[in-house]
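Colleague: Before I ask anything, here is the structure I am working with.
The values are calculated or read from the model by the stated rules, or taken from the named source; none is laboratory data. Quantities reported herein were computed from a predicted structural model and do not represent experimental measurements. As a convention, Cβ positions derive from the backbone with ideal geometry for all residues, glycine included, and neighbour counts pool all protein chains shown. We work out accessible area using only protein heavy atoms, side chains counted, and drop any ligands, DNA or RNA first. Shrake-Rupley method; radii C 1.70, N 1.55, O 1.52, S 1.80 Å.
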Amino acid sequence: MNHTETSLQKAQTQSNQSENSCQQYLESFIASYNNRTKTSKQLAQTYRPVLADPRVSEGFNLPFKEMCYPIVGKRSQGSRIWDIDGNEYIDLMMGFGVNLFGHNPPFIKAALAEQLEQGIQLGPQSEFAGEVAQLICELTGMERVAFSNTGTEAVMTAIRLARTATGRNKIALFSGSYHGHFDGTLVKAQTGDGNPRGVAIAPGIPPNIVEDVLVLDYGNPQSLEIIEAHRQELAAILVVPVQTMRPDLQPKMFLHQLRQLTKESGITLIFDEMVIGFRIHPGGAQAWFEVEADIATYGKIVGGGMPIGVIAGKALYMDAIDGGMWNYGDASYPEAKTTFFAGTFCKHPLAIAASRAVVKHLKTTGPALQQQLNHRTSQFVAALNAYFEEDEVPIRMANFGSLFGPATLGHSGVAGNSAISQSINLLRYHLMYRGVLLLGGGGYLSTAHTNEDIDCIIQAVKDSVAELRAAGFLPALSSNSSNARAKINHTK
């Protein structure tokens, strides 16, 4: 046996030992995690035969199968959630972006209690619907507002209004954006033939529903050329100004060029601001990017925790809901061509009551609320990135206002490494074990999060990384980094 063979055998032995050590550690951690959240796991298993819930199996990963269950919430207050086992979490999920003011804020709680005392009147007009519509118009600069029950319904309606106003059928949207679970937007780009037409992303969506959808690359100037080529066919361009999965992509120039092109072509520009509306600025992405959309859809924050969708837009489009403006006492009547729009729970009294409290609060506080929160989130992300850089962790974060998430995965030559990706996935479980509840690799800060909360989150990240590195799930620090750290410690 030569020296090379001996070295290879040693390397293989070390590799096997490392894999065994990682596996033993993983089994131990899974047992601890399961013990800490045992009731959440028990409920997932007990009701799986009867409860069909995609969130239960979301992100299923075979090595982590025994931890694949949602944490069951019991109560919440401010920046915190307590689960059914009594564990306390700093919440970064924040209702998927709903809770800009934290959980159970007093001014929304009071509004809901007052409405509950009055009852839930379905059928008659909601008392404050007109006032809320007026306040939303003041904040966003839009002319008219309609209410739906969900964001999906709002987007679906916005598209229908655009098609009614333009007399065209085709729409365009961008890869990486999410516009709800309406069949007509569950589309992905075709690959291989350079054709911008989309195909359904899942079974059960008829091909003819999506054949009038173009799927383009967001922020790419070539997408503008494709729109130009289809300008006579397109009813609308649907855009999420900053996508939650790519918070570092903020193409202001592209949006201005898109606005100019759509205006010249008679194409409806629809901003889907379901997540970032009222979060980045009181006037939403329109105000932030200085782009005036024709229609914008809102939800989440504006509902104050209650389910709601908002369609806001220019009268030219919104008049298709009710025929437009008319007056009593004269010969006027609803003249605009109308499409169909309805919903039993639209303008639900509880949703309107909560929304009224939210928009009044936003109007009173002004832009300072978002400016301060945006600044704190930028500082938080900068602190995380400084640590990741120093500790050679293959993650970089980005934020758009108080929304934050991974910017790039892969650093120092580990890009595309499946083992590293697995470790990043495992990091999320470690953070939850340490009391940090987050959405995927990112989340949202709220006005309820304190500096102490942020310090605790950063410390939890550091402790989790150290544990994963010690267990062999992350590469050891390079000699340069180790020497620099030793020098810093010696100086201290």
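Colleague: Given the conditions (1) assigned to a helix (DSSP H, G or I); (2) under 29 Å from the mean Cα position of the chain (by Cα); (3) modelled with pLDDT under 95, report the number of the one that Ala484 does not fulfil.
Modeller: Status for Ala484: all satisfied but (2).
Colleague: Of the conditions (1) closer than 30 Å to Gly123 by Cβ; (2) buried (at least 18 other Cβ atoms within 10 Å of the Cβ); (3) touching a residue at least 24 places away in the same chain (Cβ under 8 Å), Gly324 clears all except one; give me its number.
Modeller: Result: Gly324 passes all but (3).
Colleague: Go through region 1-61 and tell me which helices (runs of 4 or more DSSP H), entirely inside it, have 2 or more residues that are at pLDDT 95 or above.
Modeller: Working: elements: 3-36, 38-47, 54-57.
Per the criteria, 3-36, 38-47.
Colleague: In region 245-261, how many residues are aliphatic (A, V, I, L, M) and open to solvent by less than 50 Å² (accessible area, probe 1.4 Å)?
Modeller: 4
Colleague: Right, another one. Residue check: is Leu362 closer than 24 Å to Glu292 by Cα and either in contact with a His (Cβ under 6 Å, 6 or more places away or on another chain) or open to solvent by 60 Å² or more (accessible area, probe 1.4 Å) (or both)? Break it down into steps so the answer makes sense when it comes.
Modeller: Numbers: closer than 24 Å to Glu292 by Cα: yes; either in contact with a His (Cβ under 6 Å, 6 or more places away or on another chain) or open to solvent by 60 Å² or more (accessible area, probe 1.4 Å) (or both): no.
Against the criterion (closer than 24 Å to Glu292 by Cα and either in contact with a His (Cβ under 6 Å, 6 or more places away or on another chain) or open to solvent by 60 Å² or more (accessible area, probe 1.4 Å) (or both)), Leu362 does not qualify.
Colleague: Also, I was wondering about something else. Among the residues of region 430-455, write down those that are surrounded by fewer than 17 Cβ atoms within 10 Å (Cβ to Cβ) and part of a helix (DSSP H, G or I).
Modeller: Answer for region 430-455, where residues must be surrounded by fewer than 17 Cβ atoms within 10 Å (Cβ to Cβ) and part of a helix (DSSP H, G or I): Asn451, Glu452, Asp455.
Colleague: Identify, please: which residue in region 346-405 is of a type in the set (Val, Ile, Thr) and not in a helix (DSSP H, G or I) and is, among those, nearest to Thr150 (Cα to Cα)? It would help to see each step written out before you state the result.
Modeller: If we filter region 346-405 for residues that are of a type in the set (Val, Ile, Thr), which is where we start, we get 352, 358-359, 364-365, 377, 381, 393, 395.
Cutting the leftovers down to not in a helix (DSSP H, G or I) gives us 393, 395.
Details: Val393: 39, Ile395: 34 Å.
Residue satisfying both the conditions and the ranking: Ile395.
Colleague: I want to confirm something. Restricting to region 83-108 and keeping residues that are surrounded by 18 or more Cβ atoms within 10 Å (Cβ to Cβ) and β-branched (Val, Ile, Thr), which single residue is farthest from Leu369 (Cα to Cα)?
Modeller: Top of the filtered list is Ile90.
Colleague: Within region 278-291, does at least one residue satisfy the condition of being open to solvent by 30 Å² or more (accessible area, probe 1.4 Å) and either aliphatic (A, V, I, L, M) or modelled with pLDDT under 95 (or both)? Reasoning before the result, please.
Modeller: As a first pass, look at region 278-291 and keep what is open to solvent by 30 Å² or more (accessible area, probe 1.4 Å): 281, 287-288, 290.
Cutting the leftovers down to either aliphatic (A, V, I, L, M) or modelled with pLDDT under 95 (or both) gives us 287.
Looking for residues that are open to solvent by 30 Å² or more (accessible area, probe 1.4 Å) and either aliphatic (A, V, I, L, M) or modelled with pLDDT under 95 (or both), one finds at least one in region 278-291, hence yes.
Colleague: Any residue at all in region 340-354 that is within 28 Å of Asn451 (Cα to Cα) and crowded, with 24+ Cβ neighbours inside 10 Å? Can you show your working first?
Modeller: First pass over region 340-354, keeping only residues within 28 Å of Asn451 (Cα to Cα): 354.
Applying the additional criterion that residues be crowded, with 24+ Cβ neighbours inside 10 Å yields 354.
Yes, region 340-354 contains a residue that is within 28 Å of Asn451 (Cα to Cα) and crowded, with 24+ Cβ neighbours inside 10 Å.
Colleague: Could you count how many residues in region 261-289 are of a type in the set (A, V, I, L, M, F, W, C), part of a loop (DSSP other than H, G, I, E, B) and more than 18 Å from the chain's Cα centre (by Cα)?
Modeller: First, the residues of region 261-289 that are of a type in the set (A, V, I, L, M, F, W, C): 261, 267, 269-271, 274-276, 278, 280, 285, 287-289.
Filter once more, keeping what is part of a loop (DSSP other than H, G, I, E, B): 267, 274-276, 278, 280.
Applying the additional criterion that residues be more than 18 Å from the chain's Cα centre (by Cα) yields 267.
The number of residues fulfilling the criteria is 1.
Colleague: Considering region 42-82 alone, what residues qualify as being polar (S, T, N, Q) and open to solvent by 100 Å² or more (accessible area, probe 1.4 Å)?
Modeller: Within region 42-82, the subset polar (S, T, N, Q) is 42, 45-46, 57, 61, 76-77, 79.
Across region 42-82, the qualifying residues are Gln42, Gln45.
Colleague: Looking at region 62-93, which of its residues are of a type in the set (Ser, Thr, Tyr) and modelled with pLDDT of 95 or more? Walk me through how you get there before you give the answer.
Modeller: Pass one, region 62-93, residues of a type in the set (Ser, Thr, Tyr): 69, 76, 79, 89.
Selection gives Ser76, Ser79, Tyr89.
Colleague: Could you grab me the full set of residues in region 367-392 that are in contact with a strand residue (DSSP E or B) (Cβ under 7 Å, 6 or more places away or on another chain) and closer than 16 Å to Ala466 by Cβ?
Modeller: Passing the criteria: Leu384, Phe388.
Colleague: Would you mind stating whether Val310 is touching a residue at least 24 places away in the same chain (Cβ under 8 Å), crowded, with 22+ Cβ neighbours inside 10 Å and of a type in the set (Val, Ile, Thr)? Even if it seems obvious, please write down each step before you answer.
Modeller: On the way: touching a residue at least 24 places away in the same chain (Cβ under 8 Å): yes; crowded, with 22+ Cβ neighbours inside 10 Å: yes; of a type in the set (Val, Ile, Thr): yes.
In short, yes.
Colleague: Residues to consider are Ala296, Ala235; find the one that is part of a strand (DSSP E or B), over 28 Å from Asn399 (Cα atoms) and either at pLDDT 95 or above or touching a Lys or Arg at 6+ places or on another chain (Cβ under 7 Å) (or both). Even if it seems obvious, please write down each step before you answer.
Modeller: Details: Ala296 fails: over 28 Å from Asn399 (Cα atoms).
It is Ala235.
Colleague: Confirm whether Glu264 is surrounded by fewer than 21 Cβ atoms within 10 Å (Cβ to Cβ), acidic (Asp, Glu) and under 22 Å from Gly198 (Cα atoms).
Modeller: On the way: surrounded by fewer than 21 Cβ atoms within 10 Å (Cβ to Cβ): yes; acidic (Asp, Glu): yes; under 22 Å from Gly198 (Cα atoms): no.
Spelling it out, it is not the case that Glu264 is surrounded by fewer than 21 Cβ atoms within 10 Å (Cβ to Cβ), acidic (Asp, Glu) and under 22 Å from Gly198 (Cα atoms).
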